[in-house]
Amino acid sequence: MAARLTAREREQYDRDGFLVREDVFSAAEIAAMCRAIEQVCADLVARKERSRKKVQVSGFSVFEQFPDANVVIKWEPSDPNRLKGLEPFAHLDPYLTEIAAHPGFVEPMRDLVGCEDVALFTEKLNLKRALGGGGFAPHRDFPYWKEPAEQPERLVTAWVALDDADVDNGALEVLPGSHLLENVPSRRSEKVFETYEVDASRLDLSGMRAVPVRAGSVIFFGPLLVHRSGANESGRDRRALLYTYQPAGLRTQYENTRIWAAATRAGEKG
């Protein structure tokens, strides 16, 4: 499906803060994405020049910067050698760059972002491997993007299911209407990234609902929607690509990582 938003979809998105389109990508396109991303992951894990610094920024993730590849790797805290995610990654494979121009992304994004000329801000890979892939705490994306993005309020994410996602393997969960809340309490913590998470003791999350989808489907949502996902205790992977769009011409996360990588290299030399 490559169409612009219908009036019903627009109403739903404005009310609930998210929108689902089933079967946006064909089985062949999903297979190509999977091949590309698995090769990228294998190449990064195999690199001998991996940095020695891994920083646990929250109870859910351990981060490591790869300056040479301009990518940040996310590891499972329970296993420092088990990859959990990447950001950004499209520059590491031609197909992953090419697919960002797919009409299934671009056409609805023109309506959701609010302009005709849209482009990527960032891309994230979330890996939940079978039998223990970790979950993500309830959060909104806006606090993470408030500084690195030029217009964080206009960012819209397309969450692409590479595998069938359901409750058993850690489907995305959302709090409908939470994008309209004026105040969303944050966690108190000494770890900066944990302060970006939602304080569940001060916000009623009983209305959160899982959004099960088939591989090839897309969940669209903005930076203010409260969302999370549970651990994958099933025998199936739950992989997802997240392509986030903004008005074209604004600074991208890839550009940010290049700046951060240059600073890291300069610090190491100094």
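The values are calculated or read from the model by the stated rules, or taken from the named source; none is laboratory data. Because the structure is a prediction, the values reported are computed rather than measured. No Cβ is skipped: glycine too gets one built from the backbone with ideal geometry, and neighbour counts run over all protein chains shown.
Taking only pairs six or more apart or across chains, which ones have beta-carbon atoms under 6 Å, a first residue in the range 195-218 that is more than 30 Å from E22 (Cβ to Cβ) and in contact (Cβ under 8 Å) with a residue 12 or more places away in the chain, and a second residue that is of a type in the set (F, W, Y) and not in a loop (DSSP other than H, G, I, E, B)?
Taking only residues 6 or more apart or on different chains, the pairs are Y196/Y144.
Just to be sure before I move on: is A171 buried (at least 18 other Cβ atoms within 10 Å of the Cβ), closer than 25 Å to F25 by Cβ and small (G, A, S) in the structure I sent?
Values: buried (at least 18 other Cβ atoms within 10 Å of the Cβ): yes; closer than 25 Å to F25 by Cβ: yes; small (G, A, S): yes.
In short, yes.
Can you confirm whether the range 52-62 contains a residue that is more than 23 Å from G216 (Cα to Cα), in contact (Cβ under 8 Å) with a residue 24 or more places away in the chain and of a type in the set (F, W, Y)?
Yes, the range 52-62 has at least one match.
Using the structure shown, decide if G207 is modelled with pLDDT of 95 or more, touching a Gly at 6+ places or on another chain (Cβ under 9 Å), more than 19 Å from C34 (Cα to Cα) and part of a loop (DSSP other than H, G, I, E, B).
On the way: modelled with pLDDT of 95 or more: yes; touching a Gly at 6+ places or on another chain (Cβ under 9 Å): yes; more than 19 Å from C34 (Cα to Cα): yes; part of a loop (DSSP other than H, G, I, E, B): yes.
Yes, satisfied.
Here are some residues: E190, E182. Which one is closer than 17 Å to R15 by Cα and not in a helix (DSSP H, G or I)? Write out each step before concluding.
Working: E190 fails: closer than 17 Å to R15 by Cα.
Unique residue meeting the criteria: E182.
In the range 178-203, how many residues are over 20 Å from the mean Cα position of the chain (by Cα), of a type outside the set (A, V, I, L, M) and surrounded by 14 or more Cβ atoms within 10 Å (Cβ to Cβ)?
Selection size over the range 178-203: 4.
List pairs: first in the range 105-130 and farther than 22 Å from R239 by Cβ and touching a residue at least 12 places away in the same chain (Cβ under 8 Å), second aliphatic (A, V, I, L, M) and assigned to a helix (DSSP H, G or I), Cβ under 8 Å, 6+ apart or cross-chain?
V118/V106; V118/M109
With the requirement that a residue be over 21 Å from the mean Cα position of the chain (by Cα) and modelled with pLDDT of 95 or more, what does the range 28-58 give you?
Taking the range 28-58 and keeping what is over 21 Å from the mean Cα position of the chain (by Cα), we get 28, 46-53.
Once the filter is applied, which keeps residues that are over 21 Å from the mean Cα position of the chain (by Cα) and modelled with pLDDT of 95 or more, the range 28-58 yields only A28.
Mind checking which residues of the range 131-178 are among the basic types (K, R) and touching a residue at least 60 places away in the same chain (Cβ under 8 Å)?
Restricting attention to the range 131-178, the residues satisfying the condition of being among the basic types (K, R) are 140, 146, 154.
Result: R140, R154.
Can you tell me which residue among A119, A130 is more than 24 Å from D166 (Cβ to Cβ), modelled with pLDDT of 95 or more, among the small types (G, A, S) and out of contact with any Cys (no Cβ under 9 Å at 6 or more places or on another chain)? It would help to see each step written out before you state the result.
Numbers: A130 fails: more than 24 Å from D166 (Cβ to Cβ).
Unique residue meeting the criteria: A119.
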